[in-house]
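Report on the following structure.
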Amino acid sequence: MFPSLLPLLLLAPSLAAAHGAVTSYEIGGKAYEGYQGFSPVAGAQTIQRQWKDYNPIMTVTDALMTCNGGTSAPVSAEVAAGANVTAVWKQWTHQQGPVMVWLYPCDGAFASCDGKAKKWFKIDEMGLTGDVLNSNNWGTAVIYKDLKWSSRIPESLKPGNYLIRHELLALHQANTPQFYPECAQITVTGSGTATPPVDLLTSIPAYAAQSDPGIMVDIYQGKGTSYKTPGPAVWTG
Ligand SMILES: *[C@@H]1O[C@H](CO)[C@@H](O)[C@H](O)[C@H]1NC(C)=O
Ligand SMILES: [Cu+2]
């Protein structure tokens, strides 16, 4: 079985095959296609903001961090507060590092929503699930296995237009973090009135310093048995 895979691996375009991106979503029993593969189709009717390739972003202050360079999408998906949004990855290869899911209130039309204000908040995350940094007990290992991730939209969240941003932070290279974020446009419905407290809001890029111990990590050092995800705490409503 393994020898037959070898020609494929040799033909794969160098690093491109080793990374990944969110390529579709499942929301309220409906599937929403995102951009597919290394060269997304221009003009697709998708809720996803168009990213340009599978390559990682290497610094938390890079402007690409907001939505992997994506600035608009032609459509949006309705989701009831309290329901789940599931992101799907066509491929994902790393098993060390956290998963973080963020929301951004557009307070108006998606067309004028650039995600650049200090209004991002986390609704979900999974960092280290065991006590060994050099292990496969991480949020991103769940995506390696399942190629999908479900997050609940807080039930009390105020309705409106939001960006949802799925971020994988790969830590398999010592002190060389790799960020993989993608965004989609969702319209949250319901009768909630809640918004997160201001101390849980941050800007993206730069939700933390590049030197943050959750970002600049050597998982092979064998020092420490715990890990704190970078950025603010999760708000669950
Ligand atoms: C919804 O997402 C939560 C995580 O936020 C998860 O625990 C739960 O199993 C999900 N439910 C479904 C039906 O996928
Ligand atoms: Cu990679």
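Each value in this text was obtained by applying a stated rule to the coordinates, not by laboratory testing. Since this is a predicted model, take the numbers as computed values, not measurements. Cβ coordinates were reconstructed from backbone atoms using ideal geometry, including for glycine residues, and neighbour counts include every protein chain displayed.
Each of 27, 204 was scored by other Cβ atoms within 10 Å of its Cβ. Arranged with the fewest first, they read 27, 204. Estimated at 0.36 nm per residue, the fully extended path between residue 173 and residue 156 surpasses their Cα-Cα distance by 2.2 nm.
Among 164, 186, 219, the largest mean-square fluctuation in a Gaussian network model of the chain (Cα springs under 10 Å) belongs to 219. Using a Förster radius of 30 Å, what is the FRET efficiency between residue 135 and residue 91 based on their Cβ-Cβ separation? Nearest 0.05, please. Step by step, r from the Cβ atoms, then E = 0.85. Across the range 41-170, counting alpha-carbon atoms alone, Rg and Dmax equal 15.2, 45 Å.
Placing pseudo-labels 7 Å out from each Cα toward the beta carbon at residue 209 and residue 147 gives an inter-label distance of 4.0 nm. Only helices enter the 222 nm calculation for the chain: every DSSP H run of n ≥ 4 contributes -39,500 (n - 2.57), and dividing by all residues gives -2000 deg cm²/dmol, rounded to 500.
Take the Cα radius of gyration of the chain and divide it by 2.2 N^0.38 Å, N being the number of residues; the result is 0.99. Here the chain is assigned +1 on the Cβ of each Lys and Arg and -1 on the Cβ of each Asp and Glu. Its dipole about the Cα centre then comes out at about 80 debye. GNM remark for the chain: springs join alpha carbons under 10 Å apart, and the peak mean-square fluctuation among 111, 208, 141 falls on 111.
Taking 30, 122, 148 as the candidate residues, the one with maximal mean-square fluctuation in a Gaussian network model of the chain, Cα springs under 10 Å, is 30.
From least to most packed, judged by other beta carbons within 10 angstrom and beginning with the fewest, 183, 67 follow the order 67, 183.
When only alpha carbons are used to place a centre, the range 18-67 and the range 84-109 end up 10 Å from one another.
Summing charges over all other residues whose Cβ lies under 9 Å from the Cβ of residue 71, with Lys and Arg as +1 and Asp and Glu as -1, gives 0.
Exposure proxy ranking for 125, 26, based on other Cβ atoms within 10 angstrom of each Cβ and starting from the fewest, stands as 26, 125.
Once both labels are positioned 7 Å from their Cα atoms along Cα-to-Cβ, the gap between residue 42 and residue 194 label points is 4.4 nm.
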